[in-house]
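These notes are about the structure you will find just below.
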Amino acid sequence: MGGYGALRNGLYYNKTFGKIAALSSRILRKDFKNDQHTYPDRIMKVLIGSNDVNDMPDAMDLYQLVAENKIQPALYMACGTSDFLYQDNLEFHHYLKDQKVEHQYIENEGDHNWGFWNQQIIPALEWLTS
């Protein structure tokens, strides 16, 4: 499962999951401008039945899930500073801080690839099992 799936399922099923670890996550939210989201149109069509990100159900919007949930699983996020998803992850980190959601956010040099993920998987697993 990718980072978005881990975040979405962990936040949506927040009474089932106690911890979420997400590496290099897509951060989907409704208020993206259509040219701002990074999913190709064909993938958006499969995910939400539309090419317009504003048609996304609330249950897929990570910002909405954080805002609605009083119970939050512990969060661990890591993203490389050269990753094309870095800015989205950084903005979500700031949103979590503003919402006073306790989380661990790691950013290091790296891209959206196995080189970065291989460096981050051991710390993420150690955090999950702590």
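What the table below lists for this structure:
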item	result
Residue count, segment 66-83 (criterion: touching a residue at least 24 places away in the same chain (Cβ under 8 Å), assigned to a loop (DSSP other than H, G, I, E, B) and more than 19 Å from residue 118 (Cβ to Cβ))	4
Residue selected from segment 84-113 under the condition part of a helix (DSSP H, G or I), in contact with a strand residue (DSSP E or B) (Cβ under 7 Å, 6 or more places away or on another chain) and not hydrophobic (A, V, I, L, M, F, W, C), by the criterion surrounded by the fewest Cβ atoms within 10 Å (Cβ to Cβ)	86
Some residue of segment 114-122 being crowded, with 18+ Cβ neighbours inside 10 Å, touching a residue at least 12 places away in the same chain (Cβ under 8 Å), touching a Phe, Trp or Tyr at 6+ places or on another chain (Cβ under 6 Å) and not aliphatic (A, V, I, L, M)	no
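Every read-out reported here was derived from the displayed coordinates using simple, explicitly stated rules and does not represent laboratory data. In this text, all values refer to a predicted model and were calculated from it rather than measured experimentally. All Cβ positions, glycine included, derive from the backbone under ideal geometry; neighbour counts span all protein chains shown.
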